[in-house]
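Report on the structure given below.
The values are calculated or read from the model by the stated rules, or taken from the named source; none is laboratory data. From a predicted model like this one, the values you see are computed outputs, not experimental measurements. Here Cβ is always computed from backbone atoms with ideal geometry, including for glycine, and neighbour counts include all displayed protein chains. With ligands, DNA and RNA removed, areas are computed over all heavy atoms of the protein, side chains included. Shrake-Rupley method; radii C 1.70, N 1.55, O 1.52, S 1.80 Å.
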Amino acid sequence: MHHRARLTNSLEAVPALPLTPARRYVECMQTWTEGYVGEIAYVHSFYAEMTPAHLSFALLLAGVRPPDLSEPFTYAELGCGQGLTSNLLAGVHPQARFEAVDFLPAHIADARDLAAKAGNANATFLEDSFAEYAERGGPDLDIVALHGVWTWVSADNRRILLDILRRRLKPGGVVYVSYNCLPGWAAHTPLRKLLVEHTASGSGPLPDRIGKALGFAARMARLGEGWFDRVPGALAHLESLDGKSDGYIAHEYLNRDWTPFYHADVARELAAAKLEYATSATLADHVDDAMVSAPGLALLNEAADPALRETLRDYLTDRRFRRDVFVKGALRLSAAEREQSLRALRVGLPVPRGEVPERVSAPTGHIDLPAAAPLAEALAGGPQTLDALMGDLKAHSLEDVLRTIALLGGAVVPVPEGIDARRVARFNSAVLERNRFDPGIRQLASPELGTGMVVGLLERLFLLAEARGEEPAAFAWMVLRERGKKLRRDGEELQTDAENVAELARLYEGFVGGQRGWLKGLGIAE
């Protein structure tokens with residue numbers, strides 16, 4: 001369910017609701033969820049920053065030796081939600097073993113179903129609390145991913161996670177931990193509190209209570225008084241929730257133990273597991289002069305302690321979310337070894353050539369990227385090593401090219417070796433078949449790039465129709481009609497079957513002449 005209508009129709013009356021039934025319900029839910037939202041599933045999401053190839057690239061940029069991905073490795077995703085990232089990566093990396101853990105049964109049931117249909121025998125999905133997972137034992141871990149978990153769970157659960165990392169992470173092992181951070185969140189925590197309290201005070205299904213809480217907040221915001229009036233960005237933050245799903249809002253905002261952190265405090269906690277901060281998984285962070293002004297950089301450079309430096313950076317950028325990479329025993333590379341490793345790295349183009357920008361916006365202003373166009377042109381035929389690319393980019397240094405890739409924000413991505421194209425194709429087939437009745441998974445995997453790509457709903461339905469040998473426009477309309485959907489043309493909703501099929505036929509023709517060719521180049525379409 002989405003919330004656009006709820007926010008725009010902000011004058012709609014929200015009736016007073018009784019407190020006691022909801023309080024009793026929340027207390028019941030907390031007997032096993034420990035305050036974590038368990039009434040509604042999280043969204044299906046793939047996070048490119050969690051891929052082994054991306055983490056390795058970020059480490060190389062920082063001059064830190066990454067794990068050897070050419071050998072078998074073990075990857076654990078703790079708090080995996082629907083498990084889409086681990087499921088997709090299991091097909092990309094047949095030599096690896098994946099353990100994905102979540103304590104919500106619906107999440108694990110869903111992930112296991114997709115894994116079985118995708119043939120991901122190298123992925124294990126465990127319905128465990130962190131305490132139960134800690135008791136299992138298992139192989140040493142090369143990579144551990146914690147997306148958002150540090151913000152969402154209690155201090156007791158963070159201690160359990162530290163124990164797991166201390167005992168099971170290999171020397172040289174990598175931990176990805178993303179979390180809501182301060183001071184960027186400081187001005188916005190009142191909005192979260194408003195949503196939490198209003199949702200808890202209601203009764204009925206959680207999606208209805210979320211909608212009413214958002215509607216109430218919108219009415220309050222449009223009074224133009226108090227906090228919403230005086231805090232810059234408060235209304236914009238509320239409006240940014242417009243269109244977000246109930247699952248996203250519930251899990252991102254409503255957990256009892258939701259806590260934003262200063263980087264220095266996270267680094268201090270992880271040090272107890274012998275982990276040290278290595279770098280950011282947000283590649284643009286590697287370009288200091290794009291993120292922070294020259295006077296700001298001068299202040300940062302006064303900080304000898306890395307944790308202090310990163311925390312000061314968050315003050316200067318007003319950051320609200322961090323993607324940190326920690327290593328257990330980081331090995332620093334010499335300049336020559338770093339360059340050699342980077343030159344051997346394969347990169348590819350996950351967007352159409354014409355969508356690669358030659359100018360980007362950064363906190364310090366607009367930045368021209370003269371290497372972007374020739375880089376995109378050189379990659380239009382498929383992934384290449386940076387060493388091979390440098391022959392086509394003679395006017396630019398390796399550091400210029402790396403800077404360009406970092407600032408392009410995912411328009412050029414690192415590509416792993418040994419992708420199992422057959423397994424990736426089976427994963428895509430399983431996702432498309434699921435889209436027949438459930439449009440929740442929006443990502444398909446590219447066997448050319450080894451990462452997930454967001455593909456529009458109509459395009460996915462067209463691909464599914466082709467795979468089934470169905471007429472694409474008629475098939476897509478059958479699915480949409482079953483879901484109570486209609487198309488619009490020139491701002492008007494199409495009413496008849498014939499009108500909707502004709503519009504879908506027109507859209508399919510455009511798909512065949514356009515995006516389908518791009519998807520074929522990525523190995524997603526045949």
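Just a few scattered comments:
- Under 15 Å from the E276 label point (7 Å along Cα→beta-carbon), backbone N, region 310-336: 325-334
- Net charge dipole size for region 332-387 [Lys, Arg +1 and Asp, Glu -1 on Cβ; Debye, nearest 20]: 180
- Spatial extent of region 61-110: Rg and Dmax, with the Cα atoms as the point set, Å: 13.0, 41
- Segments 432-442, 96-106, 47-57 sorted - mean Cβ within 10 Å per residue, highest first: 47-57, 96-106, 432-442
- Computed over protein heavy atoms with a 1.4 Å probe, the carbon and sulfur contribution to the accessible area of region 41-106 reaches 55%.
- At q = 0.11 Å⁻¹, base-10 log of I(q)/I(0) for the chain (Debye sum, equal scatterers on each alpha carbon): -1.12
- By average C-beta atoms within 10 angstrom, highest first, the peptides 270-277, 484-491: 270-277, 484-491
- Distance (nanometres) between label positions extended 7 Å along Cα→Cβ at D265 and A388: 4.8
- For the chain, the 222 nm mean residue ellipticity estimated from helices alone, with every DSSP H stretch of n ≥ 4 adding -39500 (n - 2.57) and the total spread over all residues, rounds to -14000 deg cm²/dmol.
- Principal axes of region 318-392: Cα extent on each, largest first, Å: 41, 36, 20
- Percent of beta bridges antiparallel (DSSP, the chain, rounded to nearest 5): 55
- Where Rh is the Kirkwood radius over Cα pairs, Rg/Rh for region 442-526: 1.00
- Given charges at beta-carbon only (K, R positive; D, E negative), |dipole| of region 200-336 in Debye: 320
- Using C-alpha pairs below 8 Å separated by at least 6 residues, the relative contact order for the chain is 18 percent.
- Difference of contour (0.36 nm per residue) and Cα-Cα distance, D242 to T317: 24.5 nm
- Two-decimal log10 I(q)/I(0) for region 393-463, as the Debye equation yields it once each C-alpha is a single scatterer, q = 0.13, 0.28 Å⁻¹: -0.52, -1.20
- Among L195, C181, L369 - extreme Cα towards positive end, dipole of the chain, charges at beta-carbon: L195
- Note on D288 and D156: their simple-model spin labels are 4.3 nm apart, each label 7 Å out from Cα toward Cβ.
- Each Lys and Arg contributes +1 and each Asp and Glu -1, all at the Cβ; summed about the Cα centre of the chain, the dipole is approximately 520 debye.
- A dipole drawn for region 280-383 from +1 and -1 charges on Cβ atoms has a positive end, and of G329, L308, A380 the residue lying farthest that way is G329.
- Net lengthening on full extension, E482/E377 (0.36 nm per residue, minus Cα-Cα): 33.5 nm
- Rounded to whole Hz, the Karplus (6.51, -1.76, 1.60) HN-Hα couplings of region 276-288, x for glycine and proline: 10, 5, 9, 5, 9, 7, 7, 4, 4, 5, 7, 10, 4
- Burial ranking of peptide ranges 129-137, 116-124, 168-176 (average Cβ count within 10 Å, highest at the top): 168-176, 116-124, 129-137
- Sequence-ordered 3J(HN,Hα) estimates for region 348-356 from the Karplus curve with 6.51, -1.76 and 1.60 and θ = phi - 60° stand at x, 10, x, 10, x, 3, x, 9, 7 Hz, glycine and proline given as x.
- Residues within the reach of a label modelled at D68 (point 7 angstrom out along Cα to beta-carbon, backbone nitrogen below 17 Å), restricted to region 128-155, are 140-143.
- Under 21 Å from the Cα of K328 - lysines, other chains or at least 8 residues apart: K170, K274
- Spacing of the two label points (7 Å from each Cα toward its C-beta) at A502 and K170, in nm: 6.2
- Cα-based Rg and Dmax for region 192-344, where Dmax is the largest Cα-Cα distance (Å): 20.6, 63
- Extended-chain gain in nm, criterion 0.36 nm per residue less alpha-carbon gap, L297 and F437: 45.2 nm
- Solvent exposure of the chain as accessible area per residue, Å², 1.4 Å probe: 43
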